[in-house]
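K.L.:
This structure is in structure tokens; I'll ask about it shortly.
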Amino acid sequence: MNKLTRDDLYSLEEYAQVRSEFRTKVMQHKENRRIPLGEHAALYFEDRLTMQYQIQEMLRIERIFEPDGIEEELSAYNPLIPDAHNWKATFMLEYSDVEERHTALAELQGIEDKVWVRVNDMDKVYPISNEDLERSNAEKTSAVHFMRFELSDEMLIALKKGAEVSMGVEHPGYSVLLEDIPEDTRKSLVNDFS
């Protein structure tokens with residue numbers, strides 16, 4: 001997919017005028033890009049539109065309008081836009097109770113390497129996680145991880161022909177199997193390869 005440039009972004013003034021409508025569009029789009037993995041985890045698949053929204057919101061919140069500042073945000077978020085051969089996702093461990101979250105993050109060290117996607121009955125694809133910086137340490141994992149799932153040409157061809165997609169987590173402390181994702185979600189993810 002094409003990376004975002006300054007020409008793709010609204011100015012702060014323009015964004016203030018279109019924000020409500022743009023936000024509604026993005027939230028509807030995101031509905032088909034979230035995959036719950038059990039009760040406490042989810043994959044949020046990113047694309048050009050979700051990253052444009054993220055950048056626009058950061059520019060708005062931080063009141064960034066200088067070219068260097070805009071370029072800094074583009075440099076931070078463009079790597080999360082999938083290329084023509086991968087999916088990129090934010091993996092989140094979601095525990096509303098603070099104590100439960102603290103305990104879970106200590107028990108789930110390494111979970112970021114145990115998430116997988118599969119096309120039909122081909123091999124599972126495990127992610128390349130947190131390329132920007134390390135998000136785990138000796139005591140715990142992070143609640144948020146950025147993942148890239150590299151897919152083979154054979155997988156891409158199968159996906160475009162309607163192949164099923166399954167996902168899961170196989171960590172000793174958290175195991176989930178999602179045998180087939182919803183069709184609307186599958187279509188949205190396959191659009192990443194158009």
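The values are calculated or read from the model by the stated rules, or taken from the named source; none is laboratory data. A quick note: this is a predicted structure, and the numbers were derived from the prediction, not measured. Cβ placement follows ideal geometry from the backbone for every residue including glycine, while neighbour counts extend to all protein chains displayed.
K.L.:
Would you check if there is a residue in the stretch 127-142 being in the same structural domain as residue 88 (by TED's automatic domain parsing) and touching a residue at least 60 places away in the same chain (Cβ under 8 Å)?
P.N.:
no
K.L.:
On to the next question. Condition first: touching a residue at least 12 places away in the same chain (Cβ under 8 Å) and not basic (Lys, Arg). Now tell me which residues in the stretch 9-30 satisfy that.
P.N.:
9, 10, 11, 12, 15, 16, 22, 26, 29
K.L.:
Please report, ordered by residue number, the strands (runs of 3 or more DSSP E) entirely within the stretch 1-97 with at least 2 residues that are surrounded by 16 or more Cβ atoms within 10 Å (Cβ to Cβ).
P.N.:
Filter on the stretch 1-97 gives 41-45, 86-93.
K.L.:
Another question, if that's okay. Does the stretch 87-96 contain at least one residue that is farther than 29 Å from residue 138 by Cβ, at pLDDT 95 or above and of a type outside the set (Lys, Arg)?
P.N.:
Within the stretch 87-96, one or more residues are farther than 29 Å from residue 138 by Cβ, at pLDDT 95 or above and of a type outside the set (Lys, Arg).
K.L.:
Write out, first by first residue and then by second, each pair whose Cβ atoms fall under 8 Å of each other, whose residues are 6+ apart or on separate chains, and whose first residue, in the stretch 104-126, is touching a residue at least 24 places away in the same chain (Cβ under 8 Å) and assigned to a loop (DSSP other than H, G, I, E, B) while the second is surrounded by 18 or more Cβ atoms within 10 Å (Cβ to Cβ) and among the polar types (S, T, N, Q).
P.N.:
Taking only residues 6 or more apart or on different chains, the pairs are 108/141; 109/136; 109/141; 110/136; 110/141.
K.L.:
Next question. Which members of the stretch 141-172 meet the condition of being surrounded by fewer than 17 Cβ atoms within 10 Å (Cβ to Cβ) and charged (D, E, K, R)?
P.N.:
150, 153, 154, 160, 161, 164, 170 - these are the residues of the stretch 141-172 that are surrounded by fewer than 17 Cβ atoms within 10 Å (Cβ to Cβ) and charged (D, E, K, R).
K.L.:
Could you figure out which of (1) within 23 Å of residue 77 (Cα to Cα); (2) touching a Ser or Thr at 6+ places or on another chain (Cβ under 6 Å); (3) surrounded by fewer than 18 Cβ atoms within 10 Å (Cβ to Cβ) isn't true of residue 112?
P.N.:
(3)
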